[in-house]
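The values are calculated or read from the model by the stated rules, or taken from the named source; none is laboratory data. Predicted model, so just to flag it, every value in this text is computed and none were measured. Every residue, glycine among them, receives a Cβ derived from its backbone with ideal geometry; neighbour counts consider all protein chains shown.
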Amino acid sequence: MRLNKYLSQSGVASRRAADELIQQGRVAVNGRVVTELGTKIEPGHDDVRVDGRRVRQATAHRYLLLNKPRGVVSTRSDPQRRTTVIDLLARAGIGGYFYPVGRLDYDTEGLLLVTNDGAFAQAVSHPRAGLERTYEAQVVGVPDARDVDRLRRGVPIDGRRTLPARVRVLRVVRTRSGDQAVLQLTIREGRNRQVRRMCDAIAHPVERLRRTRIGPIEDRALRPGQFRDLTPDERRELAGVRTAAPPARPPGPRSRSRRDV
């Protein structure tokens, strides 16, 4: 079996991320650091380690839906020693090599998938899947109809226009600093801090941001910090999304990054 596939199936990382681990010299097979892509190993016989930690094939895959609170990092570890989503699982007694599917900013809350199935993570997060994500953004001021239409049609970020989005004003709230609108935005791409930067582009910066839906998955009863297993139906629905045709992309330079908001 190819080493990157073994790492993916063991829940270490997606195949692409596994290739990066190999190239960085962080993977050893039978005590020897391996940096060559395409290396093959024999599962159950060869000793595979990442950063000195032995990798064991996952006995059972799990697919978790987590409501990430603000002030939590959506990575496996953090050099600043901030709380991570993996810490939340560990505190609840969930062990094993889990990692988040995509990311949410430190100051963004809401739904996040976490799994130990690398193939699933790669398929769901790949740009070709065009997986929709819905957010509620409380912004400074109240955008007018023209601003909302700009968000719907797409705004330039780093020289490339965002894909068309579904946008509507849910409500207006009164604060000490003035009225603020709560927008619902549904996007089909995951560029770095995209929703925040879209709102910056119309001069209505985000005060608070929450992801409320991932593809067909929604759970309003899940409180911040709580998580649950996806149901078989939800996993099948996500599988259906992964096989759907990708959205059309407007012309412009392509970006290799894939980040959630």
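Values for this structure:
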{"read-out": "Selected residue [on the phi < 0 side of the Ramachandran plot and either assigned to a loop (DSSP other than H, G, I, E, B) or in contact with a strand residue (DSSP E or B) (Cβ under 7 Å, 6 or more places away or on another chain) (or both)] from Asp87, Asp105, Asp147", "value": "Asp105"}
{"read-out": "Any hit, the stretch 173-180, residues being outside any helix (DSSP H, G or I), of a type in the set (A, V, I, L, M, F, W, C), over 23 Å from Arg236 (Cβ atoms) and touching a residue at least 40 places away in the same chain (Cβ under 8 Å)", "value": "no"}
{"read-out": "Near pairs, Cβ below 6 angstrom, 6+ apart or cross-chain, from the stretch 43-64 (aromatic (Phe, Trp, Tyr)) to any residue that is part of a loop (DSSP other than H, G, I, E, B)", "value": "Tyr63/Leu230"}
{"read-out": "Checklist (1) over 28 Å from Gly110 (Cβ atoms); (2) aliphatic (A, V, I, L, M); (3) assigned to a loop (DSSP other than H, G, I, E, B) applied to Ile94, failing item", "value": "(1)"}
{"read-out": "Count of the stretch 32-59 residues which are in a strand (DSSP E or B) and closer than 15 Å to Glu20 by Cα", "value": "3"}
{"read-out": "Residue in the stretch 126-144 that is under 15 Å from Ile214 (Cβ atoms), touching a Pro at 6+ places or on another chain (Cβ under 8 Å) and of a type in the set (A, V, I, L, M) present", "value": "yes"}
{"read-out": "Per-region count, the stretch 31-59, residues farther than 21 Å from Ala119 by Cα and of a type in the set (Val, Ile, Thr)", "value": "3"}
{"read-out": "Candidates Thr83, Thr75, Thr115 - the one that is at pLDDT 95 or above, closer than 20 Å to Gln226 by Cα, of a type in the set (S, T, N, Q) and outside the structural domain of Glu189 (by TED's automatic domain parsing)", "value": "Thr83"}
